[in-house]
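Here the structure is laid out as structure tokens; the discussion comes afterwards.
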Number of protein chains: 4
Amino acid sequence: MYPCGLDKLEGIFTPLLVPLDERGRINEPELRRFVSWLIERGVHGLYPNGSTGEFTRFTPEERRRIVQIVADETDGRVPILAGAAEANVNETLAACEAYAGMGARAVAIVAPFYYRLTPESVYAYFAEIARHSPIDLTLYNIPMFASPIDVPTIGRLAAEFPRVVGIKDSSGDVAFMMRMITAVRPKRPDFCFLTGWEAVLVPMIMIGCDGGTHASSNAVPEITRRMYDLARAGNYTEAMKWQFRILELFDAMLNPFEFPDGFRAAAGLRGFNFGRGRQPQTSAQRSDVAALTSVLNCILADFELVDPPAAGCPPRTGRIAEDKVEQVVFDVLRELEKRGVL
Amino acid sequence: MYPCGLDKLEGIFTPLLVPLDERGRINEPELRRFVSWLIERGVHGLYPNGSTGEFTRFTPEERRRIVQIVADETDGRVPILAGAAEANVNETLAACEAYAGMGARAVAIVAPFYYRLTPESVYAYFAEIARHSPIDLTLYNIPMFASPIDVPTIGRLAAEFPRVVGIKDSSGDVAFMMRMITAVRPKRPDFCFLTGWEAVLVPMIMIGCDGGTHASSNAVPEITRRMYDLARAGNYTEAMKWQFRILELFDAMLNPFEFPDGFRAAAGLRGFNFGRGRQPQTSAQRSDVAALTSVLNCILADFELVDPPAAGCPPRTGRIAEDKVEQVVFDVLRELEKRGVL
Amino acid sequence: MYPCGLDKLEGIFTPLLVPLDERGRINEPELRRFVSWLIERGVHGLYPNGSTGEFTRFTPEERRRIVQIVADETDGRVPILAGAAEANVNETLAACEAYAGMGARAVAIVAPFYYRLTPESVYAYFAEIARHSPIDLTLYNIPMFASPIDVPTIGRLAAEFPRVVGIKDSSGDVAFMMRMITAVRPKRPDFCFLTGWEAVLVPMIMIGCDGGTHASSNAVPEITRRMYDLARAGNYTEAMKWQFRILELFDAMLNPFEFPDGFRAAAGLRGFNFGRGRQPQTSAQRSDVAALTSVLNCILADFELVDPPAAGCPPRTGRIAEDKVEQVVFDVLRELEKRGVL
Amino acid sequence: MYPCGLDKLEGIFTPLLVPLDERGRINEPELRRFVSWLIERGVHGLYPNGSTGEFTRFTPEERRRIVQIVADETDGRVPILAGAAEANVNETLAACEAYAGMGARAVAIVAPFYYRLTPESVYAYFAEIARHSPIDLTLYNIPMFASPIDVPTIGRLAAEFPRVVGIKDSSGDVAFMMRMITAVRPKRPDFCFLTGWEAVLVPMIMIGCDGGTHASSNAVPEITRRMYDLARAGNYTEAMKWQFRILELFDAMLNPFEFPDGFRAAAGLRGFNFGRGRQPQTSAQRSDVAALTSVLNCILADFELVDPPAAGCPPRTGRIAEDKVEQVVFDVLRELEKRGVL
């Protein structure tokens, strides 16, 4: 109903996980294979260097190389929204220029993090970038990790800078999304609203969002796409069935793991080797990830996207109780071990 | 689609404001007039002694009297959900008994507040009440004011106690509501899910909620009802138009006031005298409330529910900017006054 | 160094636990015995109806009765600071009047709770009470449970109302205490500053506090008093030795229990029967309390205030590791039981 | 009393501000002049690449260059604690190696930020670095900006890794510091405890801290040093006089500014040109900084460290009210301007 962008930033954008090789370096062949696999499964666009892509754990050079590989492999099949936040405005603008040169459709800039800035400073930061960027940019609001971008700030930036073409919001707050839409759409009907919280994608589409950048689409791109299509077609009853199932998967990938390890584990079950992440793990954590990955395997098998684990899955009626007994026992043993009792 | 309750706790329940007389006592005639006015405007039920009803600011005797007046005036026209939280389990059970005797359909019990309890203690508290209550009860989750009730706790209580027939959740978190529904409905298809956050009523209905207890329905019962009916009928496009308008009103009643003074001010504009609240105000605050009430008056006039203020309303196109200039000037003067500059 | 009050509100005030009988009623004989025992062990004053006294879990009548018993038993031996917060300003003023009549030295009023009020409203609330109170009052700041009282508000109230004679602050924030002192002492050298956070009593005395109201003094009045005396005498080296030991005890009473159950358990070990609290417990919680009480017993035995448990205490060198093994094993078993594995 | 380190990491370490030239590049001559000026005024050590040094706003190459300049200018006169956190463990270890080569005494590693990690992951992160670092390292706990490091994690790291020689804690929580000391000192009497919160430096020294890394020492190194010396000598009465004055200055530098702009402004008043920071400012913010800097000027003039502003300072008795009128008027005008009224 609202035309979001000329060359639209709507639909499902995958915030790409980055496969690493056994020495922790970017695994280029696997990344290329992953990019093409996602495009073939129907995602509308790719979003390298997002939070799911662990942009903060790569060097500036590596971040550029990731976008280069993705752009090259994509070869124009889908638009690229490139995460371009760097240490400061000058470095960020240099990245914007580089990504424009690589053919990115737009860049996404997370609000300043580490320091928690006031709205006035968040405005000043984005305004300075918007004034000089050679490429369209989307704001990226993720208040659990970075300085929050409030509604008046979004309104000011949208009104003053045509280069600011959208916002990705990962708060998951439906009312906040409505407030942003109210503040911006009358002045900027082309402005794009993307949610980063797939737990509520269908409600977000219903209230007027244009799409989402969803970590889950690394693991189940077909399902995320289907849910989006059903919601955009107004078939909310059917869309909500998938929404409830995605929520179970999302919670299972999000809560018991360090982010984004659960998404890495699930996407790995689709046939990719993501390697170990760059954040070190204790041996207890490694055992934990193994146990939790079995649970993910059973959920994905329910979607009929992968085979169930060799050992089989517990019956799915008393679902929550049953399929976590294995994990409970493990948790207890780990706790005993940690406290030196075993 | 889901049968919520036998004698259903679904639809819009108004968490009643309590009119006070010039000496701060319950204004019984005005409360009676207000109750009947709400019922005539279509609310499905009444909810005395909620947070909007400032239950903590009344004595135990007053809380009982409020329910008595409401029950008497209602005379069976709509079901009553009576807030029954008292100082401890024994007192609460005595209130449950009293409200059962007055004909309440069910009671609502807020989670323990002041002390922030663990989930295990929240469970123990509700379990003890559910074991002995002579009347159905709904849990009341309002994490900004009271100990949070988490999903496993809700699941345990719903599974073990048939007396626990529903939950009212005021978190406004759509994903949380979905998690509760997932945890409870398979075992208790009769369980009622009510949202207390009208900012997202339509999305909440869409994902499967049964209704809401909305402070806004004190001021605009017709609109809340209409929004609910449209959403239940699956007419989300039309429902969302009202949802966006309710959100503007809700924010204008909620944010610049102390809760629930904005709701009292708006409901007062419908022709009721609520008197001064029991929380004292400085003279600066009283001027502030007067200015903000003018803004509410203009919003309600837009709904064609009241006449615009005598001085007229600013043009409504550039709405947010325009109709707050008055307030800005006031704010500045107040600030100067507060700091002793004027 | 600073004369705090005429009839001083300085030193250690015990926020009294309330013994209950087997039916959950106030156990008057035990309360009387406890009051006299505390006075004999050197506390400077008594503070009934505080957070430790679970004032919110008693009825208004019970709260009055508690103060009456305490006043009667104390019989002028030490000053009484009576918690007087009730449902609203009128009820609170009536309580103030009653407590004045009972001979209380002053009342303590916690900031409004449940609703989180702005500083302006917190000011309005206390100003209204201060204007009409027949007895001196102290502000009670406990931001984890009630609306925070900020420094400018404290400054305004201290400057305008002679009836406001002090503040009890339970934030435990040493810098915040210094900010209050800076804002108030130049204008009100008689104003009393009491900390409610015994974890940092010695540093608080060092920076200029007049005393404290400490839940721990229910269990170890002699130690709290000694620590206070040493600090007031400027013997910080010796005072800090006790401070570190009190911190271990405080954390053991505070963290693993629901507040104030750990303090009840420890005070019970001194020979009093506090009965079960009014907040219900699951059977898992009751076992937990038993195990944790053994740990408290060992710590109190180290102070040579009670005998060690019959089963003995683990060796105390590797203290933290050793004396919690028992608890760890219990925790694990409870967890297994809770999850239905055992 | 406790020997902290062989080559001690005790006393006042200045977390260095970095002067920038008019093009936003590191101003090497000014940085050298600043380093020598600080050493001459008595700070015990220098801490480049801390939060005050805005390490996140520099590139990896710039961070190395800053340490190189500081090491070169210091030339062994005082120990250097170099902030070495980089994008991931490998990059951090490379920085550790580089700083060891430059002669740093130790490195400081902030806990992982952006993502909020669990204690187990925080442990894994530091353990991996400690296992391979060629130089001693201190943990850096700053929970308002980075993943918190809890007491058990500190205990584990201190017990297992001799390379971990201390912690800098910027929480300002005195009880937390005591808990760390209790958990670590029995096993590691050489472990160094530094506070990063100068608002409570004297209490921290009193309870057993070894020193501090204080942003304020960029502006008033003589005073921070004097306060430290008095406290270490046990002269708390005198030390607290300075502590109260430092608190006023600290709050004036911290609260109304974006961090660390207030510290930059105050240090600039001592005769250094720090240039504009890398975080952009609106013109309203620039005016604001100018007005606030006048207030800082007056406070520093009170310390007799700088001349008062040409326009003079308001009388200092009614300090808080008086010296902010200028700022109030400014604030109001700015607010009016921002809202388009002027």
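The values are calculated or read from the model by the stated rules, or taken from the named source; none is laboratory data. What you are looking at is a predicted structure, and each value in this text was computed from that prediction instead of being measured. Neighbour counts run over all protein chains shown; Cβ positions are idealised from the backbone, glycine included. With ligands, DNA and RNA removed, areas are computed over all heavy atoms of the protein, side chains included. Shrake-Rupley method; radii C 1.70, N 1.55, O 1.52, S 1.80 Å.
Put simply, of B:Phe161, B:Phe191, B:Phe176 the only residue that is open to solvent by 10 Å² or more (accessible area, probe 1.4 Å), aromatic (Phe, Trp, Tyr) and over 20 Å from A:Asp251 (Cα atoms) is B:Phe161. Every condition in (1) open to solvent by 10 Å² or more (accessible area, probe 1.4 Å); (2) farther than 22 Å from B:Asp136 by Cα holds for B:Phe34 except the one numbered (1).
To keep it simple, each residue is scored yes or no on (1) touching a Phe, Trp or Tyr at 6+ places or on another chain (Cβ under 7 Å); (2) among the aromatic types (Phe, Trp, Tyr); (3) surrounded by fewer than 19 Cβ atoms within 10 Å (Cβ to Cβ).
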| residue | (1), (2), (3) |
| --- | --- |
| B:Phe259 | yes, yes, no |
| B:Arg278 | no, no, yes |
| B:Gln285 | no, no, no |
| B:Leu296 | no, no, no |
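May I ask you to verify whether B:Phe272 is open to solvent by 30 Å² or more (accessible area, probe 1.4 Å) and modelled with pLDDT of 95 or more? So that I can check it myself, show each step before the final result.
Details: open to solvent by 30 Å² or more (accessible area, probe 1.4 Å): no; modelled with pLDDT of 95 or more: yes.
No; evaluated as a whole, the condition is false for this residue.
Just so you know, in segment D:61-76 the residues that are more than 14 Å from chain A (Cβ to nearest Cβ) and β-branched (Val, Ile, Thr) include one that is surrounded by the fewest Cβ atoms within 10 Å (Cβ to Cβ), and it is D:Ile69.
Here's the yes/no breakdown for (1) within 18 Å of B:Ala199 (Cβ to Cβ); (2) of a type in the set (Lys, Arg):
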position	(1), (2)
B:Gln243	yes, no
B:Phe272	no, no
B:Gly275	no, no
B:Arg278	no, yes
B:Gln281	no, no
B:Ala284	no, no
B:Thr293	no, no
B:Ala301	no, no
B:Val306	no, no
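The set of residues from segment B:54-84 being over 17 Å from C:Phe58 (Cα atoms), out of contact with any strand residue (DSSP E or B) (no Cβ under 6 Å at 6 or more places or on another chain) and not in a helix (DSSP H, G or I) comprises B:Glu54, B:Asp75, B:Gly76, B:Arg77.
Just so you know, in segment C:184-193 the residues that are within 14 Å of chain D (Cβ to nearest Cβ) and outside any loop (DSSP other than H, G, I, E, B) include one that is nearest to C:Cys209 (Cα to Cα), and it is C:Phe193. Residue count for segment A:223-262, restricted to those that are acidic (Asp, Glu) and touching a Lys or Arg at 6+ places or on another chain (Cβ under 7 Å): 0. Yes or no: B:Leu300 buried (at least 20 other Cβ atoms within 10 Å of the Cβ) and modelled with pLDDT under 95? Here the answer is no, as B:Leu300 does not meet what is asked.
Given the structure, is B:Ala87 open to solvent by 20 Å² or more (accessible area, probe 1.4 Å), among the aliphatic types (A, V, I, L, M) and part of a loop (DSSP other than H, G, I, E, B)?
Working: open to solvent by 20 Å² or more (accessible area, probe 1.4 Å): yes; among the aliphatic types (A, V, I, L, M): yes; part of a loop (DSSP other than H, G, I, E, B): yes.
It is true that B:Ala87 is open to solvent by 20 Å² or more (accessible area, probe 1.4 Å), among the aliphatic types (A, V, I, L, M) and part of a loop (DSSP other than H, G, I, E, B).
Annotation: C:Ser170 fulfils all but one of (1) in contact with a strand residue (DSSP E or B) (Cβ under 6 Å, 6 or more places away or on another chain); (2) in contact (Cβ under 8 Å) with a residue 40 or more places away in the chain; the unmet one is (1). Right, B:Glu120: of a type in the set (Asp, Glu) and either within 11 Å of another protein chain (Cβ to nearest Cβ) or assigned to a loop (DSSP other than H, G, I, E, B) (or both) or not? Yes, satisfied.
Can you pull out the residues in segment A:263-289 that are touching a Lys or Arg at 6+ places or on another chain (Cβ under 8 Å) and within 11 Å of chain D (Cβ to nearest Cβ)?
Just the residues of segment A:263-289 that are touching a Lys or Arg at 6+ places or on another chain (Cβ under 8 Å), to begin with: A:272, A:274, A:277-279, A:284, A:287-288.
Scanning segment A:263-289 gives A:Gly277, A:Arg278, A:Gln279, A:Ala284, A:Asp288.
Residue-wise test of (1) surrounded by fewer than 17 Cβ atoms within 10 Å (Cβ to Cβ); (2) of a type in the set (Val, Ile, Thr); (3) closer than 20 Å to B:Ala98 by Cβ.
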| position | (1), (2), (3) |
| --- | --- |
| B:Asp21 | yes, no, no |
| B:Glu30 | no, no, no |
| B:Ser51 | no, no, no |
| B:Thr59 | yes, yes, yes |
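Checking each residue in segment B:201-224 for being more than 14 Å from chain A (Cβ to nearest Cβ), in a helix (DSSP H, G or I) and touching an Asp or Glu at 6+ places or on another chain (Cβ under 6 Å) picks out no residue at all.
Taken over segment C:90-103, residues that are open to solvent by 10 Å² or more (accessible area, probe 1.4 Å) and within 14 Å of chain B (Cβ to nearest Cβ) amount to 4. Check C:Tyr140, C:Tyr47, C:Tyr125, C:Tyr115 and return the single one that is among the aromatic types (Phe, Trp, Tyr) and either open to solvent by 10 Å² or more (accessible area, probe 1.4 Å) or more than 19 Å from B:Tyr114 (Cβ to Cβ) (or both). Checking each option against the conditions leaves just C:Tyr125.
In segment D:233-266, what residues are aliphatic (A, V, I, L, M) and within 24 Å of D:Met144 (Cα to Cα)? Write out each step before concluding.
Let us first name the residues in segment D:233-266 that are aliphatic (A, V, I, L, M), namely D:233, D:239-240, D:246-247, D:249, D:252-254, D:265-266.
Once the filter is applied, which keeps residues that are aliphatic (A, V, I, L, M) and within 24 Å of D:Met144 (Cα to Cα), segment D:233-266 yields D:Ile246, D:Leu247, D:Leu249, D:Ala252, D:Met253, D:Leu254, D:Ala265, D:Ala266.
Number of residues in segment B:215-252 that are at positive phi and open to solvent by less than 10 Å² (accessible area, probe 1.4 Å) equals 0. When B:Ile181, B:Ile149, B:Ile167, B:Ile154 are checked against the criterion of being in a helix (DSSP H, G or I) and either surrounded by 24 or more Cβ atoms within 10 Å (Cβ to Cβ) or away from every other protein chain (no Cβ under 14 Å) (or both), a single residue qualifies: B:Ile154. For A:Ala106, are the conditions met, namely being in contact with a strand residue (DSSP E or B) (Cβ under 6 Å, 6 or more places away or on another chain) and open to solvent by less than 10 Å² (accessible area, probe 1.4 Å)? Here the answer is yes, as A:Ala106 does meet what is asked.
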